[in-house]
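The next block holds one structure in the form of structure tokens; read it before the comments.
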Amino acid sequence: MTASVIGLVGLQVHWISWSIKLNEEQFDANVFGVLGRVAERLEREESSAASQLLDSTFGETENPSLSETETMQEDTASQYFQAANNKLDRYSRTRQMIDMAMIQELLKPKPLGERIDVERLDLILKQELQKAGISLSYNYGVFARQLNAFVIRDNSYQHITNKNSTRVVHASSFDHLYNSKYGIDLFTTQDLQSPGLLMVFFPAKSSYVWSTVWMTLLASVLFTGIILFCFAYTINVIFQQKKLSEIKNDFINNMTHEFKTPIATISLATDSIANPIVYNNPDKLKRFANIIRQENKRMNDQVEKVLQMAILDKEEMRINQSSVNLHEVIAQAVSNFSLQVEKREGTLNAELNAENPIIEGDLTHISSMIQNLMDNANKYSPEKPEITVTTRNISGGVEVTVTDKGMGMSKEARKHIFDKFYRVHTGNLHDVKGFGLGLSYVKAMMTAHKGTVDVKSELGKGSNFILYFPAKN
Ligand code: ADP
């Protein structure tokens, strides 16, 4: 999937850049075509102007064709000269000499700027661009090689002639027009070396080229975006499912593990009871019956936990609302639990500071929530557990905090501990048993009680679980 998405994006990029290149090439060809036609027209017009001048000078009536212009300039002159030599008198000869001087003057190369009529050039360029369908704004200029400067720029002559000197603005390398690639040699057929270039620059060319592809670009960005989004979403769902199946596997493993011990103990106890030495001794019988009862209770508790979750899942949980004195509940829980903590040489204290500990809630659920938290505080304290349960009144309610100095947890773990089945990964070690259900049960119950549960914890330093119950109205 990743490979094909990357391939797809690559293809789009290639395709779009290719079509931009194509557009640009087409535009270039179009512009060079225009320039070619403009240069041709300028040249033609100069030739016909010259022939007209010759005509008017020598009184010819017939209009010489274009290709004859050059030969005409020389031939007519020499024929004339010969005829004049033969036929004319001194006056005519003098007249002829004046004509010759004029011809020479006509044929003398003029500076580039004077050979082009600015108005005419402006018009021709405009016409040709229009014909080619190019409606972009443009700058143009005529660049004279000899001067290394523009002699015409955007409808005006550039060189300023004084009485004594001609000031020339030399072309600079920062000049867009100077750097433009659209240029064509002028007067290439008449002159041996072209005296200069006609250059055009389109300031908005790149946006024009892009404007031809932006619709395609937008569409492909949009569709690629959709594909990428769906791709990311699918991957996310796959990973979530994978995680869920791992969590469920863990849960099943844990559960089997949790049940195996009591089942094994019960099995051993019943075997023992079947032994005459035991069933004849009421004390021993009582002891084994006690063991069976205890292990049975343990299994029952486990089943109860799973069932609680099943109830939460179906959202069937019903809360039997009544007035609950939190201090009484906590005192009861502490006295039930202290034996376990003492067994591990730990301490379990209650600091019941709330002035008004009465809230509205379900006694059974509140009691099992507090038991869950104390159980965790004990389970996740690897050394001697130091557990404190405190209460205090805060604005609009009562806060119950269960504090331990155990292993604590990372920021990442804090984010997930209230998720169902989540357990901080301890590798394959089942040193601390559990289903990962206790805290999600606490969370769901606190929500049902319109309260909140919060955790403050630091890895290696301990944890604080804070329950907030809104006060009874
Ligand atoms: P269980 O204890 O059955 O694994 P819980 O829902 O009660 O499930 O807790 C979820 C996880 O949160 C635990 O696996 C544990 O890693 C972490 N946790 C809970 N309480 C504490 C605590 N007091 N100190 C450190 N970690 C805790």
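The values are calculated or read from the model by the stated rules, or taken from the named source; none is laboratory data. What you are looking at is a predicted structure, and each value in this text was computed from that prediction instead of being measured. Cβ coordinates were reconstructed from backbone atoms using ideal geometry, including for glycine residues, and neighbour counts include every protein chain displayed. Side chains are part of the model used for accessible areas, which takes the heavy atoms of the whole protein and leaves out ligands, DNA and RNA. Shrake-Rupley method; radii C 1.70, N 1.55, O 1.52, S 1.80 Å.
Here THR401 qualifies as at pLDDT 90 or above and either aliphatic (A, V, I, L, M) or out of contact with any Pro (no Cβ under 7 Å at 6 or more places or on another chain) (or both). Screening the candidates SER67, SER17 for the property of being assigned to a helix (DSSP H, G or I), modelled with pLDDT of 70 or more and exposed (fewer than 15 other Cβ atoms within 10 Å of the Cβ) yields one hit, SER17. Pairing residues of region 438-465 that are open to solvent by less than 50 Å² (accessible area, probe 1.4 Å) with residues that are among the aromatic types (Phe, Trp, Tyr) and at pLDDT 90 or above, at Cβ distances under 7 Å and at least 6 apart in sequence or on separate chains, gives LEU439/PHE418; SER440/PHE418; HIS449/PHE469; GLY451/TYR468; GLY451/PHE469; VAL453/PHE465; VAL455/PHE465.
Each row is one residue, and each column tells you yes or no for (1) free of Cβ contacts under 8 Å to residues at least 24 places away in the same chain; (2) touching a helix residue (DSSP H, G or I) at 6+ places or on another chain (Cβ under 8 Å).
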{"residue": "ALA232", "(1), (2)": "yes, no"}
{"residue": "VAL237", "(1), (2)": "yes, no"}
{"residue": "LYS243", "(1), (2)": "yes, no"}
{"residue": "LYS248", "(1), (2)": "no, no"}
{"residue": "MET255", "(1), (2)": "no, yes"}
{"residue": "PHE259", "(1), (2)": "no, yes"}
{"residue": "THR265", "(1), (2)": "no, yes"}
{"residue": "LEU268", "(1), (2)": "yes, no"}
{"residue": "LYS284", "(1), (2)": "yes, yes"}
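Scanning region 206-230 for residues that are modelled with pLDDT of 90 or more, of a type outside the set (Gly, Ala, Ser) and open to solvent by less than 70 Å² (accessible area, probe 1.4 Å) turns up just one, CYS230.
Tell me which strands (runs of 3 or more DSSP E) are completely within region 328-443 and hold 2 or more residues being within 8 Å of the ligand (Cβ to nearest atom) and under 15 Å from SER463 (Cα atoms), or say none if there are none.
Working: elements: 347-352, 358-361, 386-394, 397-404.
Because the criterion is at least 2 residues that are within 8 Å of the ligand (Cβ to nearest atom) and under 15 Å from SER463 (Cα atoms), the strands (runs of 3 or more DSSP E) in region 328-443 that meet it are 397-404.
Counting residues in region 373-382 that are open to solvent by 50 Å² or more (accessible area, probe 1.4 Å), in contact with a strand residue (DSSP E or B) (Cβ under 8 Å, 6 or more places away or on another chain) and in contact (Cβ under 8 Å) with a residue 24 or more places away in the chain gives one or more.
When PRO470 is tested against (1) more than 46 Å from the chain's Cα centre (by Cα); (2) surrounded by fewer than 18 Cβ atoms within 10 Å (Cβ to Cβ); (3) not in a helix (DSSP H, G or I), exactly one condition is not met: (1).
Being under 54 Å from the mean Cα position of the chain (by Cα), over 18 Å from LEU467 (Cα atoms) and in contact (Cβ under 8 Å) with a residue 40 or more places away in the chain is a property that holds for ASN320.
Scan region 335-358 for residues that are within 24 Å of ALA448 (Cβ to Cβ) and out of contact with any His (no Cβ under 8 Å at 6 or more places or on another chain) and jot them down. Scanning region 335-358 gives ASN336, PHE337, ASN356, ILE358.
Regarding region 445-459, can at least one residue be identified that is at pLDDT below 90, within 8 Å of the ligand (Cβ to nearest atom) and not aliphatic (A, V, I, L, M)? Checked region 445-459: no residue is at pLDDT below 90, within 8 Å of the ligand (Cβ to nearest atom) and not aliphatic (A, V, I, L, M). Of all the criteria given as (1) under 22 Å from ARG318 (Cα atoms); (2) more than 40 Å from the chain's Cα centre (by Cα), the one not satisfied by LYS405 is (1). Screening ASN393 on (1) buried (at least 18 other Cβ atoms within 10 Å of the Cβ); (2) of a type in the set (S, T, N, Q); (3) over 42 Å from the mean Cα position of the chain (by Cα) shows it passes everything except condition (1).
Take region 330-347 and flag every residue that is of a type outside the set (Gly, Ala, Ser) and open to solvent by 10 Å² or more (accessible area, probe 1.4 Å).
If we filter region 330-347 for residues that are of a type outside the set (Gly, Ala, Ser), which is where we start, we get 330, 332, 334, 336-337, 339-345, 347.
Hits for region 330-347 are GLN332, VAL334, ASN336, PHE337, LEU339, GLN340, GLU342, LYS343, ARG344, GLU345, THR347.
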